[in-house]
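In what follows, a single structure is set out as structure tokens and then discussed.
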Amino acid sequence: MSPFGRAHSPPSSATLEHALTPPSSPAPAASTDAAELETPLFFEAAGRPLYGVYHPPALERPGAPVLVQCHGLGVEQIALYRAEVLNARAVAAAGIPVFRYHARGHGDSAGDFSAVDFAGLVEDALAAAAEARRLARREHTAWLGVRFGGLVAARALPADPTSRAIALWEPAHRPPDYFRGQLRSMLFSQVAQGERPDATVDQLVERLERDGRVDVHGYYLHRRIVDSSRDEDLSRSLATWSGPTLIVQIENRARLGPRTAGLVAELESRGAKVTSSIVRDEPGWHFTQNPAWECAPLVRETLRFLDALA
Amino acid sequence: MPWRETPAELERARAERAFVVNAPTGRLFAVLTPPAPEAPPAELCVVLLTRPRSHRNRMWVEGARRLAAQGFTTIRVDYHGCGDSGGDSAQLDPNRPYRDDVVAVIRHAREQFGARRFVVSGACFDARTALSAFAQEGGSIVGLVFMAAPVMELDTVVRVHADSKDWAHLWRALFKPDNWRALGQPGRWKHMAAVLGRVTGKSVGAASELPLSAGFVDDFRALVRSGARALFLYGHEDAEYASFRVAERTVFATLPADVRARFDVEVWPGSVHGFLEMTRQRETFSRAVSWIEALHPGAQVAATAPDRARLSAAS
């Protein structure tokens with residue numbers, strides 16, 4: 001067992017199997033050197049330019065897939081950005097090529113966020129995977145889905161016959177719950193700042209339905225992405241999947257949540273090799289931190305999982 | 001209203017180029033948005049600063065494409081240790097701006113893209129970094145957007161902000177239940193202690209004695225020497241504004257009239273600093289971009305301040 005948390009197929013009641021990370025984690029070392037090899041670029045998806053960064057492998061490793069990282073939604077793309085960059089660098093340094101990209105309406109890509117819908121995010125993920133295989137000259141794809149990006153990766157995975165493995169960082173399981181959680185956290189933060197919230201979660205949901213958007217920490221949450229993803233379900237998206245899977249829970253609690261534990265059990269019942277772990281940390285999903293959130297144990301765990309693929 | 005990408009902005013997105021700057025601090029990842037070929041050229045390269053480079057709600061992406069559609073060249077860049085860039089991350093302190101990064105970007109743009117005149121823009125740490133470029137590149141910078149940045153060491157800013165409170169403020173605050181709940185945060189205790197210290201007579205001192213950051217003063221002098229125009233934008237409720245008021249009473253007050261005339265100082269009701277409330281975020285963004293637009297040699301409208309009555313009551 002690693003010092004930071006790695007347990008194979010734990011029951012939901014397990015605690016000791018998950019050695020826990022401290023709340024703050026040092027950054028992985030040698031980030032500067034890794035950046036020397038990286039190439040920023042634009043590629044086409046659905047007729048619009050998307051931004052991406054290709055991380056070539058630092059050493060030859062025949063048979064390794066290329067890792068495609070699917071970021072989170074809206075502000076979460078920003079909040080977890082550096083952690084994803086450092087993950088890509090560590091994985092590439094171990095001989096596995098990586099492709100990061102900004103989906104439409106995100107970061108430096110084209111499109112505005114108000115027009116983003118779930119099908120479009122999946123379309124971009126598939127285009128990114130094709131670009132990744134072309135750049136890396138690899139036949140197989142491994143996916144990393146971060147938060148809402150977990151739902152995206154899980155939908156892209158069965159649509160792409162080259163898919164070989166999937167890793168999920170604190171994935172959203174069902175969008176309606178995810179969005180309500182986002183609204184709830186905004187209200188909590190208002191209270192913590194000494195402000196009295198002017199609405200309940202239900203009222204914010206009503207406002208979203210009525211006005212088409214609601215302000216969440218200086219970001220609009222738009223009805224279009226909420227409506228278009230309403231029926232998504234992580235477990236259902238992975239219903240035919242039985243390949244290698246990593247699920248990392250990033251929460252300040254000792255046990256896997258019931259949905260994650262249930263997903264692990266479902267996957268294992270189909271013969272999937274599942275690795276689950278817990279990183280006890282509270283990144284603050286909706287805030288950019290100073291400095292940006294980094295998590296070395298998360299990177300090490302992801303690298304360990306990918307390392308076993310080839 | 002949220003940003004709706006226009007056809008002209010999509011065209012600018014199609015023209016964008018990602019590039020890398022080899023700065024002393026690390027490999028900096030950046031995006032160039034070239035000016036629209038059909039637009040009258042501004043002959044200005046706007047460097048939009050923040051981390052990550054897209055800014056909250058992708059404001060700088062929108063700004064870059066909007067300005068490029070009107071003939072500006074724009075660059076947005078990740079500082080070292082941030083976003084895509086190399087180098088190690090560190091806690092950002094406005095009084096230790098990343099001058100090496102912004103200067104490296106300006107020099108790269110000059111050598112690789114032929115840019116000759118620049119505008120630099122940012123808020124808080126990014127504003128101080130933009131200002132810091134004048135020490136080495138003042139001769140090539142013609143405009144500065146400087147939003148809601150502290151101009152003292154951070155501990156002094158906290159104390160000066162507390163200095164703006166009085167017994168009446170404290171009395172009113174005692175009757176707000178939310179304030180008591182907020183005392184769960186250590187930072188709030190620190191602020192309360194500072195307010196109490198001020199109200200009970202332990203002020204940090206008279207205005208003339210208050211220490212502006214030495215780095216700010218040096219960089220401000222470089223701005224004055226440069227001949228550039230500048231927009232200083234704050235909110236009345238910004239803690240950073242309390243520090244800026246000292247600058248207004250000191251370094252601004254002693255400027256010759258012709259130099260002072262180059263600087264627009266706008267203080268809006270409410271807060272500018274946080275960018276956490278959409279209406280004010282859009283107002284601030286719009287003001288910064290329109291001020292830059294007015295630097296275009298073909299601009300029809302001068303850079304006038306917005307009608308205060310039309311501003312939101314952001315707090």
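The values are calculated or read from the model by the stated rules, or taken from the named source; none is laboratory data. Here the structure is a predicted model, which is why all the values come from computation and not from measurement. Quick reminder, even Gly has a Cβ in these numbers, built from the backbone with ideal geometry, and neighbours come from all protein chains shown.
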key: Boolean, A:Ala45 is in the same structural domain as A:Ser163 (by TED's automatic domain parsing) and touching a Lys or Arg at 6+ places or on another chain (Cβ under 9 Å)   = yes
inquiry  = I need every pair where a residue in the stretch B:243-260 that is loosely packed, with under 14 Cβ neighbours inside 10 Å has its Cβ under 9 Å from the Cβ of a residue that is among the charged types (D, E, K, R), sequence separation at least 6 or different chains.
reply    = B:Ala253/B:Arg260
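What helices (runs of 4 or more DSSP H) lie completely within the stretch A:172-275 and have 1 or more residues being over 22 Å from A:Asp112 (Cα atoms) and either at pLDDT 95 or above or assigned by TED's automatic domain parsing to the domain that holds A:Arg147 (or both)? Before you say what the answer is, go through the steps one by one.
On the way: elements: A:175-192, A:201-211, A:223-228, A:234-237, A:258-269.
Ranges flagged: A:175-192, A:201-211, A:234-237, A:258-269.
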note = Restricting the stretch A:190-248 to residues that are touching a Gly at 6+ places or on another chain (Cβ under 9 Å) and among the charged types (D, E, K, R), the one surrounded by the fewest Cβ atoms within 10 Å (Cβ to Cβ) turns out to be A:Arg223
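Any idea which residue in the stretch A:255-290 is surrounded by the fewest Cβ atoms within 10 Å (Cβ to Cβ), counting only those that are within 20 Å of A:Pro244 (Cα to Cα) and among the polar types (S, T, N, Q)? Full working, then the answer.
Of all residues in the stretch A:255-290, those within 20 Å of A:Pro244 (Cα to Cα) come to A:256, A:259-279.
Going one step further and asking which of them are among the polar types (S, T, N, Q), we end up with A:260, A:269, A:275-277.
Numbers: A:Thr260: 22, A:Ser269: 9, A:Thr275: 20, A:Ser276: 27, A:Ser277: 29.
Per the criteria, the residue is A:Ser269.
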ask   = Inside the stretch A:101-141, can you point out the residues that are under 13 Å from the mean Cα position of the chain (by Cα) and assigned to a strand (DSSP E or B)?
value = A:Tyr101
task = Six or more apart or on different chains, Cβ under 9 Å: which pairs go from a residue in the stretch B:40-57 that's closer than 28 Å to B:Gly86 by Cβ and in contact (Cβ under 8 Å) with a residue 24 or more places away in the chain to one that's part of a loop (DSSP other than H, G, I, E, B) and β-branched (Val, Ile, Thr)? Could you list them?
result = B:Arg51/A:Thr288; B:Pro52/A:Thr288; B:Arg56/A:Thr288; B:Arg56/B:Thr50
key: Considering residues of the stretch B:1-56 that are of a type in the set (Phe, Trp, Tyr) and in a strand (DSSP E or B) only, the residue farthest from the chain's Cα centre (by Cα)   = B:Phe19
task = Determine if the stretch B:13-25 includes at least one residue that is over 21 Å from B:His80 (Cα atoms) and away from chain A (no Cβ under 12 Å).
result = no
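Give B:Phe72, B:Phe29 a once-over and let me know the one that is touching a strand residue (DSSP E or B) at 6+ places or on another chain (Cβ under 6 Å), free of Cβ contacts under 8 Å to residues at least 60 places away in the same chain, in the same structural domain as B:Leu295 (by TED's automatic domain parsing) and surrounded by 24 or more Cβ atoms within 10 Å (Cβ to Cβ). So that I can check it myself, show each step before the final result.
Numbers: B:Phe72 fails: free of Cβ contacts under 8 Å to residues at least 60 places away in the same chain.
Result of the check over B:Phe72, B:Phe29: B:Phe29.
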